[in-house]
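Okay, so here's the structure we're looking at.
The values are calculated or read from the model by the stated rules, or taken from the named source; none is laboratory data. Source: prediction; values computed, not measured. Ideal geometry is used to build each Cβ from the backbone, glycine not excepted, and the neighbour counts take in all protein chains shown. The protein model used for the area step is the full one, side chains on, heavy atoms only, and it has no ligands, DNA or RNA in it. Shrake-Rupley method; radii C 1.70, N 1.55, O 1.52, S 1.80 Å.
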Amino acid sequence: MKAFVTGAAGMLGSTLCPILRNRGYAVYPTDINVSDRGMEYLDVKSFDQIKKYVEKVKPDIIMHLAAETDVDKCELEPDHAYLTNTIGTQNVALVCQRHEIDIVYISTIGVFDGTKLEPYTEFDEPNPINVYGRSKLEGEKIVKNLLRKYFIIRAGWMIGGGPEKDKKFVAKIVKQLDNNSKLKAVDDKLGSLTYTVDFSNCMLRLIETGYYGLYHCTNKGWASRYEVAKKIVEILGKDNVTIEPVSSAHFPLPAPRARSEMSRNYKLDLLGMNNMRTWQEALGEYVESHWKHSN
């Protein structure tokens with residue numbers, strides 16, 4: 001099985017590609033960042049680049065990970081967000097349509113407005129409140145409209161990648177711990193963590209069933225950034241560090257954030273395929289394996 005991976009140099013791609021190889025896939029990793037060994041340059045904003053690459057390698061499946069995931073950059077540069085997340089996805093989907101190739105499109109729980117009191121499921125109506133969410137949702141619509149054989153898989157607050165790849169919340173907290181005895185973390189926004197290792201394994205098991213459709217795939221449970229930060233401190237044994245809960249108003253940002261990105265893998269539950277661990281277990285493994293000895 002030949003797997004063409006876009007955005008392979010990112011947090012998720014750097015985890016997914018080795019797992020694919022271990023499961024017997026021939027992996028063709030691409031990215032606009034080709035610093036990683038064996039990575040080939042490809043910009044999803046270019047239809048011609050994708051078309052030529054597919055005609056060269058003739059993949060059985062395209063795993064479309066490439067995206068602009070910086071929520072604030074998307075808000076400040078909407079043209080860039082839509083060109084990368086929406087038009088880039090259309091480019092990939094059109095090539096899949098032309099060559100009858102299955103697609104896996106990684107989307108986000110950020111397509112919801114956050115007003116629901118319970119966790120969001122696949123059967124809730126999206127209503128994104130920022131450009132990032134809107135650009136990803138438009139990508140979902142394009143995939144559904146152009147293709148019959150697709151997996152759209154929504155991830156939550158992604159964790160993974162280790163010191164080299166992680167530029168998100170876990171890395172930011174860990175890097176502050178050595179020089180600070182008191183940190184602040186937001187406690188009025190809730191979300192579901194998504195560990196790249198668990199996500200990759202669960203996603204591949206799903207794909208191999210051929211049971212196409214839209215799915216949520218996040219670790220079980222939900223938490224605030226404050227609760228996640230406290231857990232990181234606990235795992236690392238930083239008894240001298242205090243985490244202070246603050247409202248999101250304490251950290252004003254260009255893009256609005258939903259109050260809730262809590263997610264339930266409802267369809268995976270119904271199908272008996274929800275193998276995702278709790279967020280506490282996943283975070284524990286990630287921090288222990290990638291950050292404990294580097295901190």
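Here are a few things to note about the model shown:
- Residue that is nearest to Thr89 (Cα to Cα), among those in region 46-56 that are hydrophobic (A, V, I, L, M, F, W, C) and out of contact with any Asp or Glu (no Cβ under 9 Å at 6 or more places or on another chain): Phe47
- Unique match (being under 21 Å from Thr194 (Cβ atoms), basic (Lys, Arg) and at pLDDT 95 or above) among Arg98, Arg154: Arg154
- Any pair with Cβ under 8 angstrom, 6 or more apart, that starts in region 213-241 at a residue that is at positive phi and modelled with pLDDT of 95 or more and ends at one that is of a type in the set (S, T, N, Q) and buried (at least 20 other Cβ atoms within 10 Å of the Cβ): Gly221/Ser192
- Meeting the requirement of 1 or more residues that are surrounded by 23 or more Cβ atoms within 10 Å (Cβ to Cβ), at negative phi and within 14 Å of the chain's Cα centre (by Cα), the strands (runs of 3 or more DSSP E) wholly within region 114-191 are 150-155, 157-159.
- Restricting region 27-74 to residues that are open to solvent by 70 Å² or more (accessible area, probe 1.4 Å) and in a strand (DSSP E or B), the residue that is nearest to Asn201 (Cα to Cα): Glu40
- Those residues of region 274-295 which are buried (at least 16 other Cβ atoms within 10 Å of the Cβ) and closer than 25 Å to Leu117 by Cα, in sequence order: Asn274, Met276, Arg277, Trp279, Gln280, Ala282, Leu283
- Region 1-26, subset in a helix (DSSP H, G or I) and among the β-branched types (Val, Ile, Thr), residue surrounded by the most Cβ atoms within 10 Å (Cβ to Cβ): Thr15
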